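The values are calculated or read from the model by the stated rules, or taken from the named source; none is laboratory data. On a predicted model such as this, the values are computed, not experimentally measured, just so you know. Protein only, heavy atoms only, side chains kept; ligands, DNA and RNA dropped before computing areas. Shrake-Rupley method; radii C 1.70, N 1.55, O 1.52, S 1.80 Å.
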Amino acid sequence: MIKEFKEFISRGNMMDLAVGVIIGAAFTAIVNSLVKDLINPLIGLFIGKIDLSNLKFTVGEATFKYGSFLSAVINFLIIALVVFFLIKLVNKMMPKKEVEEDDPTPTNEELYLRQIRDLLQEKTK
């Protein structure tokens, strides 16, 4: 069982996934700082408030923090935009794979099916 686990964990896919999660967490911290420390104050200048995360309204005893929601939406849009550009860059850098043509020699099964087809066509004529 330990051997199977070792094989499972050392597969390329698992290592790629682990690296992706770690890089993603670090990138999220950068984007959160960008939104909180740069973009939100810039937006706050235009709407008259400096800190978007404190924007809220209350109805009865319920408090709706829509400023935090706006920050989350901005985070998402920035991350999505960066990932989009990253994928475009990777696609440009990676060489295009040539489409491999199928082997033109037919298999035995295909030959038998062709013979059956030809026999059926001869019968119907």
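Helix 66-93 axis versus longest C-alpha principal axis of the chain: approximately 40°, rounded to the nearest ten. Note on A18 and T107: the extension gain reaches 27.8 nm, defined as 0.36 nm multiplied by sequence separation minus the Cα-Cα distance.
At a probe radius of 1.4 angstrom, the accessible area of the chain per residue rounds to 93 square angstrom. Here the alpha carbons of segment 1-112 define both size measures, Rg and Dmax, at 24.8, 79 Å. Quick one: among F85, F27, F46, which has the greatest mean-square fluctuation in a GNM of the chain with alpha-carbon springs under 10 angstrom? Top of the fluctuation ranking is F46. Say we join alpha carbon atoms closer than 10 Å with springs in a Gaussian network model of the chain; which of P95, P104, P41 then has the biggest fluctuation? With Cα springs under 10 Å in the chain, the top fluctuation among P95, P104, P41 is at P104.
From its DSSP helices (H runs of at least four residues, each -39,500 (n - 2.57)), the chain gives a residue-normalised ellipticity at 222 nm of -22500 deg cm²/dmol. Here the Gaussian network model covers the chain, with springs between Cα atoms less than 10 Å apart; of V21, V31, V82, V21 fluctuates the most. For the chain, the longest principal axis of the alpha carbon atoms and the long axis of helix 12-34 meet at an angle near 30°.
Each Cα pair of segment 51-99 feeds into the Kirkwood radius, which the Stokes-Einstein equation turns, at 10 °C and 1.306 mPa s, into a diffusion coefficient of 115 µm²/s.
So if I take the centroid of the Cα atoms in segment 60-125 and the same for segment 1-30, what is the distance between those two points in Å? For segment 60-125 versus segment 1-30, the Cα centre distance is 23 Å.
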